[in-house]
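Working notes for the structure below.
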């Protein structure tokens, strides 16, 4: 019953996990190509549009491989201090990634090629520095082992590729004196050279399981390069492409095309897997090749034939130097019925199913433990079922991690957990002690002194003493000390007495002059407090200032009066009628002559502002001549000067 219940409980979870696994393995995720640049991995879709980047924390990326069974990318960083090869897990639901170290660094490795075997879960890589091919499992801490050692023969392994279905490893030897393409069984047996003629410097290599062929890049002499192909045993060799001005490094294949990275143009190029003609070029055609001999590849005197429509395409421009490249091929979906690969695909799927089943069981157990942890252990404590104990995180204690160690620990301060997981108090300026429980001023100041704590923690607290007390802690009574000086002065007049004791000695001498003496200081009056100005002095000072201002004003006024010009005085006598005649509107001084009985004299003095003075009787021509020669200020002077004494 128990087994059946457990099976019934696990069945839905297993079905769900299997469906998720199948959906992940059977459905292409968001990216189709991945390229390593110098400082990142760039993911692109089938139309070569960049959709994400990853591994930004690395500085010198190089080789790259892809495990389609578990959606893991493995890559190398040439400059990482600790690790040599890392894994990158892409989340198919979010654009996030996690990079973890897979193979630790053992020396000055220089990884040129990298490949993965999903059946044994081993990584294979070529080291151009040590001239060896290594392999190591991705799980565990087993050190890398040597599969092929080319150092004795002077070889230089470059590109590597695993034939998962036939259990072989292929690699290119880029030694310019003896370049080859070779293969070996994954157990290290049966090493075979499959190509060693008409080849210059082979670089990247890839096994195409869909067509059962090898594809590799050959860096030819000069500015030329070639992409070549052969069967897995090295027969049926073909030149897919020959071109120039490229520096290709690694390549990848899909169902119908080849893709490679070019360091010179910082780009990814593509070409059909099946050559349109035997040799193509992107340059201007010079001469068509007629030879059909499959063993005659590149005589140095051969011209450069060209195709009418060159299928070479630049599919992606990159911001940095392009290095490794991988493509999603759908290996596990397309090769399930292949007679070479069916058994391998089945074994890989069985392993994945077993991992999924264990993962489901582990998840259920973890879920149960998590419930127990939440119910039993508080504040994030870890529950141990065997001992029924809680392992508390830093800062908590108790059987259930229910007590916070910093709670009420510091009396006058702030509590923080130290690096050794102990509570530590940071005290306020006035307090000290392990728990800030001791006041710095406690018992410091005596005799009623007031304690002062400086803001600078380096300065000790100080005491402000009351009157007649002194010292660092106000422990000295100035009255008692001065009494001793005054008593000694009574017997020895030359004794020095501090100046502050004068008033105290004077008070003591008033009570008992026979015992105490009053010290007499030279220039004592100077040392005393000066008298404050009285109100009479202030009044005299104010009166003096006011008198000075009045005297200054009188002097200024006198000077102005002295230099001010005098106003002219005019005295004129006119004879007029006593009473005005009727109808006398048109009378003038000449026509309105008074009779002897009606006349009277009027004396006008100083009449410059009167209307009669504005129109005196004088010669207008003389006035016009004078006004034309003078300004407006001289008008009155001219009028007065030209006036006659008698108008009638």
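The values are calculated or read from the model by the stated rules, or taken from the named source; none is laboratory data. Quantities reported herein were computed from a predicted structural model and do not represent experimental measurements. Positions of Cβ are backbone-derived with ideal geometry, glycine not excepted, and every protein chain shown enters the neighbour counts.
Here are some notes:
Each row is one residue, and each column tells you yes or no for (1) buried (at least 16 other Cβ atoms within 10 Å of the Cβ); (2) assigned by TED's automatic domain parsing to the domain that holds residue 65; (3) touching a helix residue (DSSP H, G or I) at 6+ places or on another chain (Cβ under 6 Å).
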residue	(1), (2), (3)
319	no, yes, no
322	yes, yes, no
336	no, no, yes
369	no, no, no
387	no, no, no
391	no, no, no
396	yes, no, no
412	yes, no, no
423	yes, no, no
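- Residues in the range 352-379 that are part of a helix (DSSP H, G or I) and touching a residue at least 24 places away in the same chain (Cβ under 8 Å): 352, 353, 356, 357, 359, 360, 361, 363, 364, 376.
- Residues of the range 176-190 classified as in contact with a strand residue (DSSP E or B) (Cβ under 9 Å, 6 or more places away or on another chain) and either in contact (Cβ under 8 Å) with a residue 40 or more places away in the chain or within 23 Å of residue 248 (Cα to Cα) (or both), total: 7
- Odd one out for residue 440 among (1) crowded, with 16+ Cβ neighbours inside 10 Å; (2) farther than 30 Å from residue 408 by Cβ: (2)
- A single member of 403, 348 is closer than 30 Å to residue 118 by Cα and either in contact with a helix residue (DSSP H, G or I) (Cβ under 9 Å, 6 or more places away or on another chain) or surrounded by fewer than 16 Cβ atoms within 10 Å (Cβ to Cβ) (or both), and it is 348.
- When residue 408 is tested against (1) surrounded by 12 or more Cβ atoms within 10 Å (Cβ to Cβ); (2) not in a strand (DSSP E or B), exactly one condition is not met: (1).
- A search for C-beta distances below 7 Å between a residue of the range 228-240 that is assigned by TED's automatic domain parsing to the domain that holds residue 201 and any residue that is exposed (fewer than 14 other Cβ atoms within 10 Å of the Cβ), counting only pairs 6+ apart in sequence or on different chains, returns 230/236; 237/294.
Yes/no per residue for (1) farther than 26 Å from residue 331 by Cβ; (2) surrounded by 17 or more Cβ atoms within 10 Å (Cβ to Cβ):
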| site | (1), (2) |
| --- | --- |
| 60 | yes, no |
| 86 | no, yes |
| 98 | no, no |
| 105 | yes, no |
| 127 | yes, yes |
| 133 | no, yes |
| 139 | no, no |
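- Test result for residue 194, touching a residue at least 40 places away in the same chain (Cβ under 8 Å) and either over 28 Å from residue 67 (Cα atoms) or touching a strand residue (DSSP E or B) at 6+ places or on another chain (Cβ under 8 Å) (or both): yes
- Comparison of 34, 13 shows that the only residue that is surrounded by 13 or more Cβ atoms within 10 Å (Cβ to Cβ), at pLDDT 90 or above and not in a loop (DSSP other than H, G, I, E, B) is 34.
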